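Undergrad: Following this message is one structure expressed as structure tokens.
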């Protein structure tokens, strides 16, 4: 990850001194710029308008994850993969990404049988995401269920390539 200093997210809300709770976040470290901290602290895609119906759809998808998505999420959540923070069902330019790591500019899509029938939609989606500077890693449901450790190694390697 080319020397990026990744801070676990979310910061502890129970720490002493309260600086993790302050609107400005923790104090800057030597050599750290304000913009760098705010970008790292938010871990979201900024500057986009999100339709309320799309927000509701993302919430619904979080509640109704596939078995493969649930298996992968259990290993990604809480910054469990190399300390990287992943979000699930993140809205990016009108599309809902299965998993998104802001620090690595990576979208991970868990593809089931339906993706064979929507190749044109997936290609357009990948084009839009890559225009934003994001890389898309697609893994199949069967891959996740059959070789979860192998999938996690692929994700970790993709994150290192940022």
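Undergrad: With contacts defined as alpha carbon pairs under 8 Å and 6 or more residues apart, what's the relative contact order of the range 93-162 in percent?
TA: Across the range 93-162, relative contact order equals 36 percent.
Undergrad: Please work out whether the range 78-124 counts as rounded, prolate or oblate from its C-alpha gyration tensor, where a ≥ b ≥ c are the square roots of the eigenvalues and a/c under 1.5 means rounded, while otherwise a/b larger than b/c means prolate and anything else oblate?
TA: Prolate.
Undergrad: Here is a follow-up. Once both labels are modelled 7 Å past Cα along the beta-carbon direction, what's the residue 63-residue 113 spacing in nm?
TA: About 2.5 nm separates the two model spin labels.
Undergrad: Would you mind calculating the gained length between residue 93 and residue 49 on full extension (0.36 nm times residue separation, minus the Cα-Cα distance), in nm to one decimal?
TA: Residue separation times 0.36 nm, minus the Cα-Cα distance, leaves 15.0 nm.
Undergrad: Would you mind ranking 57, 88 so that the residue whose beta carbon has the fewest other beta carbons within 10 Å leads the list?
TA: 57, 88
Undergrad: Wrap a convex hull around the Cα atoms of the range 79-162, take a quarter of its surface area, and give that in square nanometres.
TA: 5.3 nm²
Undergrad: Turning to a different aspect of this structure: Would you list 54, 49, 157 from fewest to most Cβ contacts within 10 Å?
TA: Least crowded to most crowded, the residues run 49, 157, 54.
Undergrad: What nm distance separates the two modelled labels at residue 142 and residue 80, each placed 7 Å from Cα along Cα→Cβ?
TA: It works out to 2.5 nm between the two label points.
Undergrad: A further question on this structure: Among 63, 154, which comes first, then next, by fewest other beta-carbon atoms within 10 Å?
TA: Least to most surrounded, the residues fall as 63, 154.
Each reported figure results from applying straightforward, stated rules to the coordinates on display, with no laboratory input. Quantities reported herein were computed from a predicted structural model and do not represent experimental measurements. Positions of Cβ are generated from backbone atoms using ideal geometry, with glycine treated the same way; all protein chains shown enter the neighbour counts.
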